[in-house]
Amino acid sequence: MKIAIIGAGNVGATLGRRFVEVGHNVTFGVNKPADYSDGRLAGPAMSVTDAAADADAILLAVPYSAANEVLSQCGDLEGKIVIDATNPLAMTPNGLDLTVGFTSSGAEELAAAAEGARVVKCFNQTGFANMATPGGSMMFVCGDDAEAIETVRKLAADIGFDAISIGGLARARLLEPLAMLWIHLSATTDLKREFAFKIVRAA
């Protein structure tokens, strides 16, 4: 599968490397491609428009506040899978907090802006270190297109997650607060970033 990863920070770079390791073709859409000419990424860096043009799936690994602008650069999204790995977070008087919820979600707002795209929420619920070595930790997936959900679920499973579909895109209203819980625990407990959530199934 041809995957365009928009953003080359910790999450984007880590997922890109893992996708290449399991046989996918990855490009990176970034603002300044020349800054990535040193080979640090697992695939070529180019403009967002060029990366998205031939992609089967586009993964958003940018701050949520930049996501709509990025989508506007992606060209025709009709029928394409857009994987939303963002979380709608901002600093508030009470510290880092969600800016959308609980009667909507960042994913639903992005889907409204991404006309024709099949938006799937995934890869937002843990830190980038766990994406490098998931070890069977959980990754929930949701969206409104069954084929797109299964494609993304399999992608997550291929790199080592226990990937579970939980239904329609509105379930992102649960997954974004779950990400906030992971961030809260990593920032306020001695778990730091060295932990992941895992499903324990009854025997």
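Of all residues in the stretch 171-186, those that are touching a residue at least 24 places away in the same chain (Cβ under 8 Å) and farther than 14 Å from G101 by Cα have Cβ atoms under 9 Å from Cβ atoms of residues that are of a type in the set (G, A, S) and crowded, with 20+ Cβ neighbours inside 10 Å, 6 or more apart or on another chain, in W182/A196. Out of all the residues in the stretch 103-125, is one or more more than 21 Å from G167 (Cα to Cα), assigned to a loop (DSSP other than H, G, I, E, B), in contact with a strand residue (DSSP E or B) (Cβ under 9 Å, 6 or more places away or on another chain) and hydroxyl-bearing (S, T, Y)? Looking through the stretch 103-125, none of the residues is more than 21 Å from G167 (Cα to Cα), assigned to a loop (DSSP other than H, G, I, E, B), in contact with a strand residue (DSSP E or B) (Cβ under 9 Å, 6 or more places away or on another chain) and hydroxyl-bearing (S, T, Y).
M91: surrounded by 12 or more Cβ atoms within 10 Å (Cβ to Cβ) and either of a type in the set (A, V, I, L, M) or over 14 Å from the mean Cα position of the chain (by Cα) (or both), yes or no? So M91 does not fit the description; no.
Would you pick out the residues in the stretch 119-137 that are buried (at least 18 other Cβ atoms within 10 Å of the Cβ) and out of contact with any Cys (no Cβ under 9 Å at 6 or more places or on another chain)? Lay out the reasoning, then the answer.
Residues of the stretch 119-137 that are buried (at least 18 other Cβ atoms within 10 Å of the Cβ), as a first pass: 119-127, 130-131, 134, 137.
Scanning the stretch 119-137 gives V119, F123, N124, Q125, T126, G127, N130, M131, P134, S137.
Only residues that are in a helix (DSSP H, G or I), touching a residue at least 60 places away in the same chain (Cβ under 8 Å) and surrounded by fewer than 22 Cβ atoms within 10 Å (Cβ to Cβ) were counted in the stretch 19-34, giving 1.
Between L96, L185, the distinction of being part of a helix (DSSP H, G or I), surrounded by fewer than 17 Cβ atoms within 10 Å (Cβ to Cβ), of a type in the set (A, V, I, L, M, F, W, C) and more than 17 Å from the chain's Cα centre (by Cα) belongs to L185 only. Just one of the listed residues (V70, V48, V62, V11) is within 12 Å of the chain's Cα centre (by Cα), over 17 Å from V152 (Cβ atoms) and in contact (Cβ under 8 Å) with a residue 40 or more places away in the chain, and it is V62.
Values in this text are rule-based calculations from the coordinates and carry no lab data. Just so we're clear, the structure is a prediction, and the values are computed from it rather than from any experiment. So basically every Cβ, Gly included, is an ideal-geometry build from the backbone, and we count neighbours across all protein chains shown.
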